[in-house]
Amino acid sequence: MGSSSPSPSPEPPQSSAPADGASNASLRWHILRRALLSRSASPRASEGTSNDPQEKGDTNKISRKTSRGFNLFECHTVPISQLNKSQGDSLNGNENGVECQRDVYVCYKLPCGGSPELNVIYRRDDSLELNDIEASNRFNIDTTGLVCCWPSEEVLAFYCINHSDMFRSKRVLELGAGYGLAGLVIAASVNAGEVVISDGNPQVVGYIQQNISINAETFGQTKVKPMTLHWDQEQASDMLNSFDIIVASDWYVL
């Protein structure tokens, strides 16, 4: 019997680093540097910032959490200017619309009787800014709620709309709501008595307030209000017993 030739050694795994050799970590530091320089008023700061398409491409190479859901609701994006006209150009309390440039307006068609529409304002995926980080440090809260409408929130909203009987005439609290899709869906579709949509980040609660305001006519007799609430504080433990149902998605307490 002849000797067999040795099997070839397996090829090393391919690196996930970008083709130009820069690691994801170095690209993140580069983007952070540009953000810091852009806030400086010094002439030298402008040297570190540019609109180079290559730099924008660097951002897309970095792995990020997707904001896409599971297509459980029929929805489409509408130009924010269209919402501005219907709301008197007062979104974010800014009459010149500067704040609205970083927002996106999504219209949902709910799969229930009458097929009501729900309008929700979100931040654009790439619009998180340094002052958002500063605000989160000031209020001792993270920026999770500003990132996107997380897929788990869509799943919670879909569950609630398909179990509407359990919410009828009840007082409902949503914890860590982010932009509040689930709470808004409950308010618009299940005839709850009251819905309180809460988050610990005051910036996020500002968006919740806007989303409640632009959908007020959809809620019928259901009372809906926003709340800034940290669930690990005594205030939370004292008030939680006053609700019939508490809902939350994708959150944890250390």
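Working only within segment 136-156, note down all residues that are in a loop (DSSP other than H, G, I, E, B) and crowded, with 18+ Cβ neighbours inside 10 Å.
Those that are in a loop (DSSP other than H, G, I, E, B) and crowded, with 18+ Cβ neighbours inside 10 Å: ILE141, CYS148, CYS149, TRP150.
Residue pairs, Cβ under 7 Å, 6 or more apart or interchain, first in segment 167-196 and touching a residue at least 60 places away in the same chain (Cβ under 8 Å) and at positive phi, second open to solvent by 10 Å² or more (accessible area, probe 1.4 Å) and acidic (Asp, Glu). List them.
Between residues of segment 167-196 that are touching a residue at least 60 places away in the same chain (Cβ under 8 Å) and at positive phi and residues that are open to solvent by 10 Å² or more (accessible area, probe 1.4 Å) and acidic (Asp, Glu), the close pairs are GLY176/ASP199.
Taking only segment 204-226 into account, find how many residues are touching an Asp or Glu at 6+ places or on another chain (Cβ under 8 Å), farther than 11 Å from LEU184 by Cβ and surrounded by 19 or more Cβ atoms within 10 Å (Cβ to Cβ).
The number of residues fulfilling the criteria is 1.
Inspect all residues belonging to segment 235-251 and state whether any of them is of a type outside the set (Phe, Trp, Tyr) and crowded, with 19+ Cβ neighbours inside 10 Å.
Among the residues of segment 235-251, at least one is of a type outside the set (Phe, Trp, Tyr) and crowded, with 19+ Cβ neighbours inside 10 Å, which makes the answer yes.
How many of the residues making up segment 106-135 are crowded, with 21+ Cβ neighbours inside 10 Å and among the hydroxyl-bearing types (Ser, Thr, Tyr)?
Qualifying residue count, segment 106-135: 2.
Only one of (1) modelled with pLDDT of 95 or more; (2) in contact with a strand residue (DSSP E or B) (Cβ under 7 Å, 6 or more places away or on another chain) is not met by ARG124, so which one is it?
(1)
Of all residues in segment 165-188 being out of contact with any Cys (no Cβ under 7 Å at 6 or more places or on another chain), assigned to a helix (DSSP H, G or I) and open to solvent by less than 30 Å² (accessible area, probe 1.4 Å), which is farthest from ILE245 (Cα to Cα)?
This residue is ALA188.
What do you reckon, is ASP199 modelled with pLDDT under 95 and open to solvent by 10 Å² or more (accessible area, probe 1.4 Å)?
yes
The values are calculated or read from the model by the stated rules, or taken from the named source; none is laboratory data. Computed from a prediction, not measured in an experiment: that's the story for all the values here. FYI the Cβ positions are ideal-geometry reconstructions off the backbone, even for glycines, and counts take in every protein chain you see. Please note that ligands, DNA and RNA were not included when accessible areas were found on the heavy atoms of the full protein model with its side chains. Shrake-Rupley method; radii C 1.70, N 1.55, O 1.52, S 1.80 Å.
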